[in-house]
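K.L.:
Submitted below is the structure of interest, expressed as structure tokens.
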Amino acid sequence: MSEQLKILSTYLKSKYFTKFQNREELEKWQDKKMRKFLREIVPKSSFYQKYYEGASYDNWRELPIIDKGMMMENFDTFNTVGIKKEEAFQVAYTAENTRDFTPKIGDITIGLSSGTSGNRGIFLVSREERIKWAGNILAKCLPEVIWKEQRIAFFLRANSNLYDTVDKGKIQFQFFDLLDELDRHVERLNTYRPSILVAPPSMLLLLAKKIRETNLHIDPKKIISVAEVLDPLDEKVLENIFKQKIHQVYQCTEGFLATTCEHGTLHLNEDLLIIQKEYLDKDLGKFIPIISDFSRSSQPIIRYRLNDILTEKKTFCPCGNPFTALEQIEGRSDDLFYFKKKDREKYIPIFPDFIRRTIIVASEKIKQYTVTQLQVDLIEVFIEANDEHKKIIEKNIEINFKMLCDKLDCVMPKIRYVNTMNRDYGKKLRRIQRKFEIC
Ligand SMILES: [Zn+2]
């Protein structure tokens, strides 16, 4: 079968034939998938074989957890295709430096995940997995059926031949390198006129500004925010300028985790992977996902703890999909702020969402912001707003922080205002960020 036909077959299977009436039916199906997957895959990975020694697959929900650190440490015995870490890194770095994004070892695509130096991950995707991924992403994201023409503009830090897989038949695909100049993007977009625009929200904001200045003339049917947290403040701005719902795809190198339905609700892709919840606060519905991807065998992701915080949606989504609905993706768990309790030497975690709200509700005049916790008792805030509003905004922010600290019975940290946004060029925008280690 040609690659194109295989993509189409996955597309059809995902779009029309993998449907569940309710949670129970879904979980039963997942359980079957998972057991079969474990029986087939574990014998191929000497890491997992050793790690699960003596454990029963009947209790797969309780198998010991892994994370990125463990995966990278045991890379050579972890993967099932015999690729060595050293070799994979070399291939990936060469690709990144030359901006030639076709790094492969044999049939396997090599990907580099972002992360601080020393914490970068390597991801392996086989041809078969690449095709499945393309079929699934098309099934979940295309605004119309696959045989309609689409021009996709995809803004990313680095391209990958993963994405070229999508560039088939009626579907055109163009990669926009985030490191290129903005004016160059505008020029290319004006010629290409994408029907689907996929970009991190920080780039969507720059493009929205160009539309407002009447330099950019595009009319996409669908806009998808990726790779960064979509801040409610930015979402509102983008919806106003693009005059449509902003959709989201939550995908990381570890898996294709969630997509928005027609109502704009993010649903976990529970037909592609199992997402268990490690609750940080059950009442608030905040959890860290533990993922098991039963469709990926070259680098098996089983009970893998991600570094993200998600919030469940409390209400049902009218689309009726039994896949867990999310209120939002909050951010990375290492961006939790920590405040000190008033009466003792105890630090308590503060969800990024709470910090975000202290800023957003301070004023409607805020255009941009970043909040960085530098120490337990020091927070740096950047606000973009007209000068005449700044004083009152700053005062409101102080009041909001004070209210938050009083409610949690914590010591109020000092707030320092700065004139530049906390952002490293070419890196992801993290509006809420912690920059110290807590033990
Ligand atoms: Zn929905």
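K.L.:
Longer than 26 Å from Cα to Cα, which of Lys148/Lys210; Lys68/Lys104; Lys314/Lys341 are they? Say none if no pair is. Let's see the in-between values first.
P.N.:
On the way: Lys148/Lys210 28 Å; Lys68/Lys104 21 Å; Lys314/Lys341 29 Å.
Too far apart for the 26 Å limit: Lys148/Lys210; Lys314/Lys341.
K.L.:
Using 1/(1 + (r/R0)^6) with R0 = 41 angstrom and r between the beta carbons of Asn190 and Glu388, what's the FRET efficiency to the nearest 0.05?
P.N.:
My answer for the efficiency is 0.70.
K.L.:
Ok, one more. Counting just the Cα atoms, what span does the chain cover along each of its three principal axes? Round to the nearest Å and put the largest first.
P.N.:
65, 57, 47
K.L.:
Another question, then. Using a basic spin-label model with each label point 7 Å from the Cα along Cα→Cβ, how many nm lie between Val376 and Glu87?
P.N.:
About 4.9 nm, to one decimal.
K.L.:
In addition: What lysines could a cross-link reach from Lys19, if we take a straight Cα to Cα line under 22 Å and drop same-chain neighbours fewer than 8 places away?
P.N.:
Qualifying lysines at Cα under 22 Å: Lys6, Lys28, Lys32, Lys33, Lys36, Lys132, Lys140, Lys313.
K.L.:
Starting from the Cα of Lys367, step 7 Å along the direction of its Cβ; do the same at Lys407; then give the gap between the two resulting points in nm.
P.N.:
Reported label-point gap for Lys367 and Lys407 is 3.0 nm.
K.L.:
In what order do Glu270, Glu187 fall by count of nearby beta-carbon atoms within 10 Å, going from fewest to most?
P.N.:
Glu187, Glu270
K.L.:
Suppose the chain between Ser56 and Lys277 were pulled fully straight at 0.36 nm per residue; how much longer would it get relative to their current alpha carbon spacing?
P.N.:
On the way: separation 221, 0.36 × 221 = 79.56 nm, distance 2.08 nm.
Extra length available between Ser56 and Lys277 comes to 77.5 nm.
K.L.:
Okay, next question. What residues qualify as long-range amide H neighbours of Gln328, i.e. H under 5 Å apart, gap of 5 or more or another chain, H built at 1.01 Å from N?
P.N.:
Distant-sequence amide H within range of Gln328: Thr311.
K.L.:
With 10 Å bins from zero, work out the P(r) of segment 242-385 over every alpha carbon pair and list the percent per bin.
P.N.:
Cα pair-distance distribution for segment 242-385, in percent: 10, 32, 34, 19, 5, 0.
K.L.:
Of all the C-alpha pairs in segment 336-434, what % are more than 23 Å from each other?
P.N.:
In whole percent, the long-distance tail amounts to 23.
K.L.:
I'd like the Karplus ³J(HN,Hα) series for segment 319-326: coefficients 6.51, -1.76, 1.60, θ = phi - 60°, whole numbers in Hz, and an x wherever there's a Gly or Pro.
P.N.:
Along segment 319-326, the couplings run 6, x, 5, x, 5, 3, 9, 10 Hz.
K.L.:
On to the next question. How big is the gap, in Å, between the Cα center of segment 78-153 and the Cα center of segment 312-358?
P.N.:
For segment 78-153 versus segment 312-358, the Cα centre distance is 30 Å.
K.L.:
Estimate the FRET efficiency between Glu25 and Glu144 by the formula 1/(1 + (r/R0)^6), using the beta-carbon distance for r and 30 Å for R0, to the nearest 0.05.
P.N.:
0.60
K.L.:
Any chance you could run the full-extension gain for Asp343 through Lys428? It's 0.36 nm times the residue separation minus the Cα-Cα distance, nm to one decimal.
P.N.:
26.9 nm
Readers should treat all values here as calculations from the given coordinates under stated rules, not as data from a laboratory. Nothing here was measured: the structure is a model prediction, and the numbers come from that model. Using ideal geometry, Cβ is built from the backbone for each residue, glycine included, and neighbour counts are taken over all protein chains shown.
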